[in-house]
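Right, one structure below, let's go through it.
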Amino acid sequence: PLARRYPLLSTPVPICHLARHLVLYSPYKMKKIGIITIQKCDNFGADLQAYALGAKLRALGYDAENIDYLFYKHPRHQGGKGERPVFRLSMVNRVKEVLFPIVAGLKNLKRRKAIRARHERFKAWTDKHLKCGPEYRSVASLYQNPPQYDVYMVGSDQVWNPRMGSNILPYFLDFAPAGVRCVSYAASLGVSSVTPSVYERFLKLLSRFSYVGLRERAGERIISGMGLAAEVKTVLDPTLLLTADEWAKVADPVPSVEGKYLLLYDLIPSPETVALAARWAKDLGLPIVRVGDGAYGPGEFVWLMAHAECVVTNSFHGTAFSIIHGKSFYSVIPRGMANASRIENILNTVGLNGRMIRAAEVDALQPSFEIDWKAADAKFESARVDSVDFLTRSLSEPPRMQPPKHPLACYALWNKDEDICSRSTSGGLFSVLARRVIEKGGVVYGAAFDPDFHHVTHHAARTVEELAPLADVEVCL
């Protein structure tokens, strides 16, 4: 058990080094770990991942709790100047922020009783299973009286999405005291690319992190390119760190559902997803239980996933729980879905790429119930061990800080000949270097306009005289 908790014990090391590790970096020395993430927003994926990370840390022996910072869409969240988005939103996103809640409210008028019941089940489940500190209803309250922990961690979900309609600085642990350990686990940007201004701001915000765990490889590609001193790695979503047996402890039975059934979880409206579920259910002779049709909370969702015969979904967490419970499933990528990388990532990780179907391919699909779970489980367990190793190292070991990869200095040069310098576009540097190359017997290649300035052509200069058309415009070497 100690070897699993402390990977260092599984390799031969000097006893003095072992003792130092246990004394300085043991989780039992840490008083508390604070996790900030998106939670309590009546979303299955958000609340389940929020629970999973804290539960896994406590199972590993750490004293961990969630920072009860209310997401900006929570009814009790309080607005103000401090809530404004960090990055300027496009007009389309600003309109969405205003109109979507109104449209959703109008659509849900007929289902308001079911929605109210669903909310009560979410609240009851999170109150029972999420271990949280004091509640913070605004950015201002969090910064005025920040919670005190030995380690601050930002958890999963799209916590670093630059298109979020509120202030995301808390999710960069900007409120944590200087000098404390700051890490992330399975954080997501929610986008596959960022603008230069976002890139530069992220670079500054992440400079205090000693370990950066990302949920998608697209995020790792972006953050790794920043040249941070921290270790940057793609890890599993927190929900995937817990086993089916561990999830069974927080499941709530649905008495109205009996016998075998196909579970349909279409988080995103998609006629192709519904059509595939209907066709597959008919082939298998099974009724369909649709998650959206019931007033289910997180506990009921886990139970329905665990007891389903098979699953059709277009949700990442629908895919994740299908894998956790070893269900035959298909993940549909709806038309117009901007970012399917997180579904692609997990299916690539476990070798089940064939269970991902794009909407345009649904009609031609011949559903297959059989999945090679032996091979998939082996890859899944390997990824889980690797992710837990990163998690424990990020909390229990000295930061593996690397020297920054970007240059620490730069040089500026210009030609001392004022006449050349005044006619050049690069400080006259081209002339100096080109002359030196020719003096040493080399050839200089460059581009120059033709006499009528209609075309640019490349030339080779073997003498100083031949440099004239190139040196006058100072183009390139």
Legend entry - Among residues of segment 334-377, those that are closer than 22 Å to residue 277 by Cα, outside any loop (DSSP other than H, G, I, E, B), without any contact (Cβ under 8 Å) to a residue 40 or more places away in the chain and under 21 Å from the mean Cα position of the chain (by Cα), counted: 5
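At least 2 residues that are in contact with a Gly (Cβ under 6 Å, 6 or more places away or on another chain) in each: list the strands (runs of 3 or more DSSP E) lying fully within segment 172-281 that qualify.
Working: elements: 181-187, 209-214, 231-234, 262-265.
In segment 172-281, 181-187 are the strands (runs of 3 or more DSSP E) which contain 2 or more residues that are in contact with a Gly (Cβ under 6 Å, 6 or more places away or on another chain).
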Inset, instruction - Tell me the helices (runs of 4 or more DSSP H) entirely within segment 1-80 that contain at least 3 residues that are at pLDDT 95 or above and under 27 Å from the mean Cα position of the chain (by Cα). - result: 44-59
Inset, instruction - Pairs only if they're at least six apart or on different chains, beta carbon under 6 angstrom, first in segment 248-261 and in contact (Cβ under 8 Å) with a residue 24 or more places away in the chain, second aromatic (Phe, Trp, Tyr); list them, first residue then second. - result: 251/303; 252/303; 253/303; 254/303
Inset, instruction - Would you mention how many residues in segment 291-315 are modelled with pLDDT of 95 or more, open to solvent by 10 Å² or more (accessible area, probe 1.4 Å) and in contact with a helix residue (DSSP H, G or I) (Cβ under 8 Å, 6 or more places away or on another chain)? - result: 4
Legend entry - Subset of segment 33-51 (residues that are over 12 Å from residue 298 (Cα atoms) and of a type in the set (A, V, I, L, M)): 33, 35, 36, 38
Inset, instruction - Please go through segment 123-139 and pick out each residue that is within 11 Å of residue 69 (Cα to Cα) and not charged (D, E, K, R). - result: 132, 133, 134, 136, 138, 139
Inset, instruction - Could you look through segment 326-352, keep only residues that are at pLDDT 95 or above and touching a Phe, Trp or Tyr at 6+ places or on another chain (Cβ under 7 Å), and pick out the one that is most open to solvent (accessible area, probe 1.4 Å)? - result: 326
Inset, instruction - Hey, can you tell me all the residues within segment 49-64 that are open to solvent by 10 Å² or more (accessible area, probe 1.4 Å) and hydrophobic (A, V, I, L, M, F, W, C)? - result: 55, 59, 60
Legend entry - Residue ID - most open to solvent (accessible area, probe 1.4 Å), chosen from residues in segment 121-141 that are in contact with a Gly (Cβ under 7 Å, 6 or more places away or on another chain) and among the charged types (D, E, K, R): 121
Inset, instruction - Provide a single number: the residues in segment 199-256 that are within 30 Å of residue 295 (Cβ to Cβ) and open to solvent by 40 Å² or more (accessible area, probe 1.4 Å). - result: 9
Inset, instruction - Identify the residue in segment 436-477 that is in a helix (DSSP H, G or I) and at pLDDT 85 or above and, among all such residues, is surrounded by the most Cβ atoms within 10 Å (Cβ to Cβ). - result: 438
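The values are calculated or read from the model by the stated rules, or taken from the named source; none is laboratory data. The model shown is predicted, which means the values in this text are computed figures rather than measured ones. Quick reminder, even Gly has a Cβ in these numbers, built from the backbone with ideal geometry, and neighbours come from all protein chains shown. SASA here: full protein model, heavy atoms, side chains in, ligands and nucleic acids out. Shrake-Rupley method; radii C 1.70, N 1.55, O 1.52, S 1.80 Å.
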